[in-house]
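Engineer: I have a structure here, written as structure tokens, and I will follow up with some questions on it.
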Amino acid sequence: MSYATTADYVHDDHHPTGWRRWVLSTNHKDIGTMYIIFGAFGAFFGATLSLLIRLQLAHPHGTILAGQEFQIYNVVLTAHGLLMIFFFIMPVLIGGFGNWFVPLMIGAPDMAFPRLNNISFWLLIPSLILLTLSIVVGSGAGTGWTFYPPLSSVGHPDAAVDFMLVSLHLAGASSILGAINFITTIINMRAPGMTMHKLPLFVWGILVTAFLLLLAVPVLAGAITMLLTDRGFGTSFFEPAGGGDPILFQHLFWFFGHPEVYIMIMPAFGIVSQVISTFARKAVFGYLGMVYAMVAIGMIGFVVWAHHMFTVGLDVNANAYFTAATLIIAVPTGIKVFSWIATMWGGSLIFETPMLYAIGFIILFVIGGVTGVTLANGGVDISLHDTYFVVAHFHYVLSMGALFGVFAGFYYWFPKMTGKMISKFMGNLQFWLTFIGVNMIFFPMHFLGLAGMPRRIPDYPEAYAGWNYISSLGSILTFSAGLFFAYIVFHAFKWGKKASANPWGTGASTLEWTVPSPAPFHTFETQPQVS
Amino acid sequence: MGSLGACPLILCCVCRVHEVKEKNRSTLVILIGLSSGMLALSFASSALYRMFCEKTGHGGTTQVAKIRPNRIENRVITIRFNADTHTELPWDFKPLQKEIKVRAGEIGLAFYHGKNLSPSHTVGMATYNVTPHKVGIYFNKVDCFCFIEQHLEGGQETDFPVEFFIDPDIVKDPTLDDVDTITLSYTFFKLKKPGP
């Protein structure tokens, strides 16, 4: 461990070089950087698969993914979901920005367990390799990211699903270790004077996320293990022929799966709060309300799981409970949305790229939230379940909510991480291309879903052709905006202006802006005093 | 730290680092405990889920009667019978009566018929429930072929009896006033590992 044990050690800028710096890294900034690069790779992989899906669906009777009686389509769809969740959103938001900025924002020298941090990251590499194998082995894993049995047990006899399940085991272990590290760091290593009620909202977002991970992911691990033994060792946890129940799997999966969607959005909540406060040049409106809204969302998130299962035959009372509990989540969420708006209200707004993304986040997240309130009603959901309306809903909150959080955070912290400024013109252009693109993809899906188009199908009747075509055009636009983003980053590294310690002005009041840009290898070895 | 209040700055720094390390370690233990607890719960869920369904009648799980009802209410309920067979089990399985009428508290007896269509010995086990699900808690089985494994030799056929009653307390539950028909359903599965 690299704690300062004597005063003069502080000035010894211990700096490993070459491959050792990265492979054996225990430095939170280097590990964060690796997470972001890894996540960018996952994003490119996952986005390419989504482009393939949209090309298949551009016209009726598409043939691009028609191989193996459309099993290829199922496999691509499954891998798209898993990649985006486990290998893009989570690594970037939690592993990337979390590692980089939690220690900086609380004035800690590093994470509590730097070696554990290294393991967390490197577990993801074999995990991604196994997931890739699950695409190419045998007929591939075409179960959807939810891998319900019996489709994932007797329905997929070859090893593809086993590879996928072990991959998720590793990703899950990585997340749990990361969560332990974040919680310990935030609880024990805050700078003197940095009380819990002074923590920046991004840190709160990561703290709540870490608790959700700690409590939800073990349940996924249990369900996966039972599924693996059902597949390979003749147990029947989920097999009625041996006295098991496939519905139990759905209960376990969604007990993990619902908190998981908050795991993806909570860090984005935090980023949006920091960004809006910075560019409105005001403190966040209703700080305590914002904190406890996140805590409340996290807690209620554990008791609403069966709203994913309204059509499995739960009785009326259970459906009524899960409807009511789900609707309650709209209250703390509403507190957050109104507090963001109130933070902007009367502020002197600067429309830098991160601010555009944060405002875009609010608009799109509210649209996704409204369809969420619609779907939360068990009675309504029975007719909308497994239609494109659901696909539109969760892409508005995740693909656009979490993704816009990623972009907002990246544009916001890029100067701190690299010491370079991103061109404002190009960044803003990329925002508008992405904003128009994603809305073109997903808004028509509401109409398709209401018209009854089921999700997870590779073909559709002519009646749905028009909106599907527009949606596919949108995905080409969005993908192009993604490539443009890669160019913008390249441009910034090559020709970007040098960033000052605090390029965003007085609104950026958190501790990371008090260290130079790029942030030096070691920071806060002597903890700052927070007043 | 309090007792070291007068120590030089460097010493303070050292003891603060040790203090943080110690706190980190105990936090680590608590967090590993929490997460292991959730893992254990998820494995226990299989048994807990079954207990929950049996105790509450959730999902239309029927009850096993320990005592016979002490009275018969004047409420007639139609019991309909349904039978399904998993494709892996080569049996012909069907109810011998479409429906019967019983009063609440009255013992009903019904029969299903099973025939092994294959030439070899097979073992089946039936899963069961009732609809509407909310009557599961009031539907009591005195004896049922679904309680045990059923063995049929190649070509053998047999009748499967089920003896049941509706708990007379059903008349006291206003949420069940709308129930005048109950469907009793069985699905026979091929048993993977027959018991001895």
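Engineer: Using a Gaussian network model of chain B whose springs link C-alpha atoms within less than 10 Å, name the residue from B:I182, B:I148, B:I137 with the highest mean-square fluctuation.
Structural biologist: Ranking B:I182, B:I148, B:I137 by mean-square fluctuation puts B:I148 first.
Engineer: Another question about this same structure. Tell me the net charge near B:I137. Cut-off is 11 Å between Cβ atoms, B:I137 excluded, with +1 for each Lys or Arg and -1 for each Asp or Glu. Walk me through the numbers on the way to the answer.
Structural biologist: Values: positive: B:K55, B:K134; negative: A:D315, B:E54, B:D167, B:D169, B:D173.
Here the count lands on -3.
Engineer: Roughly how much accessible area, to the nearest 100 Å², goes out of reach of solvent when B and A pair up, both sides summed, probe 1.4 Å? Spell out each step's value before the answer.
Structural biologist: Working: alone 12450 and 20380 Å², together 29810 Å².
Summing both chains' loss of accessible area gives about 3000 Å².
Engineer: Between A:S383 and B:L109, what is the label-to-label distance in nm when each label sits 7 Å out along the Cα-to-Cβ direction?
Structural biologist: 4.9
Engineer: Using only Cα atoms, find the angle between the long axis of helix A:28-56 and the longest principal axis of chain A, and express it within 0 to 90 degrees, rounded to the nearest 10.
Structural biologist: Its long axis makes an angle of about 30 degrees.
Engineer: Working from the pairwise distances between different alpha carbons, so that the mean of 1/r is found and then inverted, what is region B:83-196's Kirkwood radius in Å?
Structural biologist: 15.2
Engineer: Hey, what's the per residue convex hull volume over the C-alpha atoms of region A:46-177, in cubic angstrom?
Structural biologist: Spread over its residues, the Cα hull of region A:46-177 gives 107 Å³ apiece.
Engineer: Right, something else. If each residue of separation counts as 0.36 nm, what is the full-extension length gain between B:D92 and B:K55 once their alpha-carbon separation is subtracted?
Structural biologist: 10.1 nm is the gain from fully extending B:D92 to B:K55.
Engineer: Between A:M196 and A:F302, what is the FRET efficiency for a Förster distance of 22 Å, r being their Cβ-Cβ separation, to the nearest 0.05?
Structural biologist: 0.55
Engineer: Please report, in Å, the Rg and the Dmax of chain B, where both are computed over Cα atoms only.
Structural biologist: Reported Rg and Dmax, both Å: 28.6, 94.
Engineer: Kirkwood Rh, region A:163-298, all Cα pairs: how many Å?
Structural biologist: On the way: mean 1/r = 0.0594 Å⁻¹.
Every distinct Cα pair counted, the radius reaches 16.8 Å.
Engineer: Please compute the modelled spin-label separation between A:K494 and B:R68, points set 7 Å along Cα→Cβ, answer in nm with one decimal.
Structural biologist: Label-label distance for B:R68 and A:K494, simple model: 9.2 nm.
Engineer: From other protein chains only, count the Cβ atoms within 10 Å of every residue's Cβ in A:240-246, then give the mean. Could the numbers behind the result be given before it?
Structural biologist: Details: counts 5, 13, 6, 6, 4, 6, 0.
The shielding value for this peptide is 6.
Engineer: Give me the angle, in degrees from 0 to 90, between the Cα long axis of helix A:246-280 and the longest principal axis of the Cα atoms of chain A, rounded to the nearest 10.
Structural biologist: 30
Engineer: Here is a further query. Quick check: with the 1.4 Å probe, what order do A:F256, A:F338 take by accessible area, largest first?
Structural biologist: Reading off the accessible areas and sorting them downward yields A:F338, A:F256.
Engineer: Please report, for the Cα atoms of region A:230-343, the Rg to one decimal and the Dmax as a whole number; what are they, in angstrom?
Structural biologist: Values for region A:230-343 (Cα only, Rg and Dmax): 19.0, 63 Å.
Engineer: Here's something else I'd like to know. Can you check how the C-alpha radius of gyration of region A:410-457 compares to 2.2 N^0.38 Å, as a plain ratio?
Structural biologist: Here the Cα radius of gyration is 1.80 times the empirical estimate.
Engineer: A further question follows. Assuming 1.567 mPa s and 4 °C, estimate D for region A:110-212 with Stokes-Einstein, Rh taken as the Kirkwood radius over Cα pairs, in µm²/s.
Structural biologist: 83
Engineer: Here's another thing I want to ask about it. Using the Cα centre as the reference, give the magnitude of the dipole from point charges on the C-beta atoms of the protein assembly as shown (Lys, Arg: +1; Asp, Glu: -1; all else neutral), rounded to the nearest 20 debye.
Structural biologist: With Lys and Arg at +1 and Asp and Glu at -1, about 1980 debye.
Engineer: I'd like the orientation of helix A:424-450 relative to chain A: the angle between its Cα long axis and the longest Cα principal axis, in ° from 0 to 90, rounded to 10.
Structural biologist: 20
Engineer: Moving on to the next point. Please give the residues of region B:56-87, grouped as numeric ranges, whose backbone N is less than 20 Å from a label point set 7 Å along the Cα-to-Cβ vector of B:T175.
Structural biologist: Answer for this model: B:56-64.
Engineer: Still on this structure, please answer the following. Leaving out ligands and nucleic acids, note down the accessible area per residue over chain A with a 1.4 angstrom probe, in whole Å².
Structural biologist: I get 36 Å² per residue for this part.
Engineer: Quote the relative contact order of region A:262-325 in percent (integer), defining contacts as alpha-carbon pairs under 8 Å separated by 6+ residues.
Structural biologist: 28
Engineer: At a threshold of 8 angstrom on Cα-Cα distance, excluding pairs fewer than six apart, so keeping six or more, what relative contact order does region A:242-354 reach in percent?
Structural biologist: Once normalised by length, the contact order is 40 percent.
Engineer: Next up: Mean shadow of region A:134-177, computed from the convex hull of its alpha carbons, in nm²?
Structural biologist: Approximately 3.0 nm², given one-decimal rounding.
Engineer: For the protein assembly as shown, give the percent of accessible area contributed by carbon and sulfur heavy atoms, probe 1.4 Å, rounded to a whole number.
Structural biologist: Details: 20040 of 29810 Å².
Percent of accessible area from carbon and sulfur atoms in the protein assembly as shown: 67.
Engineer: For A:252-263, what's the mean count of beta carbons from other chains sitting within 10 Å of each residue's beta carbon?
Structural biologist: Mean inter-chain Cβ contacts per residue within 10 Å come to 1.
Engineer: At 20 °C and 1.002 mPa s, what whole-number value in µm²/s does Stokes-Einstein give for the translational diffusion of chain A, with Rh from the Kirkwood sum over Cα pairs?
Structural biologist: Working: Rh = 23.8 Å.
Rounded, D is 90 µm²/s.
Engineer: Now for a different question. Which of the residues in region A:162-189 show a loss of at least 50 Å² in accessible area from their chain by itself to the complete set of protein chains, at a probe of 1.4 Å?
Structural biologist: Buried-area filter returns A:I180, A:N188.
Engineer: From largest to smallest, what semi-axes in whole angstrom does region A:426-510 give when each is the square root of 5 times an eigenvalue of its alpha carbon gyration tensor? Could you put the intermediate results ahead of the total?
Structural biologist: Working: eigenvalues 299, 46, 16 Å².
Output for region A:426-510: semi-axes of 39, 15, 9 Å.
Engineer: Within a 10 angstrom radius of each residue's Cβ in A:218-230, how many Cβ atoms of other chains show up on average? Whole number is fine. If you can, show how the numbers build up before the last one.
Structural biologist: Working: counts 10, 6, 3, 5, 9, 3, 1, 3, 4, 0, 0, 0, 0.
Partner Cβ neighbours, averaged per residue: 3.
Engineer: Next question. Find, among the trypsin sites (Lys or Arg not before Pro) in region B:49-118, those assigned to loop by DSSP (not H, G, I, E, B) with at most 12 other beta-carbon atoms within 10 angstrom.
Structural biologist: Counting only loop positions with at most 12 other Cβ atoms within 10 Å, the trypsin sites (Lys or Arg not before Pro) in region B:49-118 are B:K66, B:R71, B:K98.
Engineer: For region A:53-112, what size does the Cα cloud have along each of its three principal axes, sorted from largest down, in whole Å?
Structural biologist: Here the spans come out as 57, 19, 9 Å, largest first.
The values are calculated or read from the model by the stated rules, or taken from the named source; none is laboratory data. Quantities reported herein were computed from a predicted structural model and do not represent experimental measurements. Here Cβ is always computed from backbone atoms with ideal geometry, including for glycine, and neighbour counts include all displayed protein chains. Note: accessible area is taken over every heavy atom of the protein model, side chains too, but ligands, DNA and RNA are not part of it. Shrake-Rupley method; radii C 1.70, N 1.55, O 1.52, S 1.80 Å.
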